[in-house]
Each structure stands twice: as structure tokens, then as C-alpha cells.
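Have a look at the structure below, then the notes.
The values are calculated or read from the model by the stated rules, or taken from the named source; none is laboratory data. From a predicted model like this one, the values you see are computed outputs, not experimental measurements. Note that we place each Cβ from the backbone using ideal geometry, even for glycine, and neighbour counts take in every protein chain shown.
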Amino acid sequence: MNIRIPLDNGYLPDEYGKYAPERFKLDGNPVVSFPFSIEDAPAGTRSFALTVIDYDSTPVCGFPWIHWIMCDLSGESRGLPENASASGAGGIVQGRNSSASRFVGERDPRVFCRYCGPMPPDKDHEYTVTLYALDVPSTGLKEGFFLSDLLRAMKGHILGSASAGVMSRK
């Protein structure tokens, strides 16, 4: 299985992160999700889940920063278009990103329960995008779930996964 994300020399295009135009932001946060395509899903795939995690954030904030988690994308899907997070394309169910942390204090679910793009403060960061093919049509999770909920729901149901590292500029 493969996940394809349009990149600019290995970097996520500016419109999906820190340097997005204001129309792509909500209260200063980049909220327009990047498009991606799925190739060669395993036989029997009934749904997909996705995580976008910044492990380079650990020295900055003390933990890997979750930028987007979602599940229940149909196993027949071949990807998602730009801004699927806000538009609801694909019927996805989305969980809380790290902006939901009580240490951050974000109150708008359009920011903390959706895609919230990269804004590395110290240096260029690499973001790990992982797509999971699942043998169930639904995880049973509801909007606002946590990463730990997703990991538990996927346990024993992962047919395959694909990861891509994408960079974002400081």
C-alpha cells in the first residue's frame, strides 16, 4: 500500500502549514488539510485511518505533536481532496489533535478536532503521515476521540499500513 502526498521538494506546500494564506487559517492556525491518494490497498480493506504526527516536536513541547487523526474513510476510497478535514469529504470521523491539550487551551473544535497544520517553531520538522488499512467498515469511534482510542479500535484490524515523511519549514 502507498500513500501519495503532493510535495514541493520534499516539503509540504506552504498552504497546508505555517505560511498558509490567511484564508486557509482559523485564528492563526492552518486548517486546510492536504490532499492525498491511496494506491494498492490490501485485499479486504473495508476502511482507512490516518495519523499525522510530529515527533520532532518532542524537544520543544515534551511530546510528539498530533496534527490530525481520522478514521472510517471507506475502503473503496482512493484518497481525499484538499480541505477534506473541514468539508467532511469522505465521511471521515476525526479525533482531537494536540491543540486540544489543556496546556494549549484551544477552545474551537474546528481547530482541535480537525487538521491543524504544521507550525514548527525551532527548525524544519519532519511529520510522519501514516495510513492504516482496516478490515472493519467502522471503528465505532465518535467525533473528538483521542489517539489512544484509535489505537485500541484498530488493534487486531490492521491489514497494512503506509507511512510518508513530509517536511515543513520553520
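The residues of region 50-79 that are within 18 Å of V166 (Cα to Cα) and either of a type in the set (G, A, S) or in a helix (DSSP H, G or I) (or both), listed by number, are Y55, D56, S57, T58, G79. For region 76-90, indicate whether the set of residues that are touching a Lys or Arg at 6+ places or on another chain (Cβ under 9 Å) and on the phi > 0 side of the Ramachandran plot is non-empty. Yes, region 76-90 contains a residue that is touching a Lys or Arg at 6+ places or on another chain (Cβ under 9 Å) and on the phi > 0 side of the Ramachandran plot. Which residues, counting only those in region 19-65, are within 26 Å of P121 (Cβ to Cβ), among the hydrophobic types (A, V, I, L, M, F, W, C), out of contact with any Cys (no Cβ under 8 Å at 6 or more places or on another chain) and modelled with pLDDT of 95 or more? Listed by number, the residues that qualify are A20, F24, V32, F34, F36, V52, I53, W65.
Residue by residue through region 80-101, note down the ones that are in a strand (DSSP E or B) and β-branched (V, I, T). Within region 80-101, V93 is the sole residue that qualifies. Residues satisfying the criterion are absent from region 64-82 (criterion: of a type in the set (D, E, K, R), in contact with a strand residue (DSSP E or B) (Cβ under 9 Å, 6 or more places away or on another chain) and more than 21 Å from L134 (Cβ to Cβ)).
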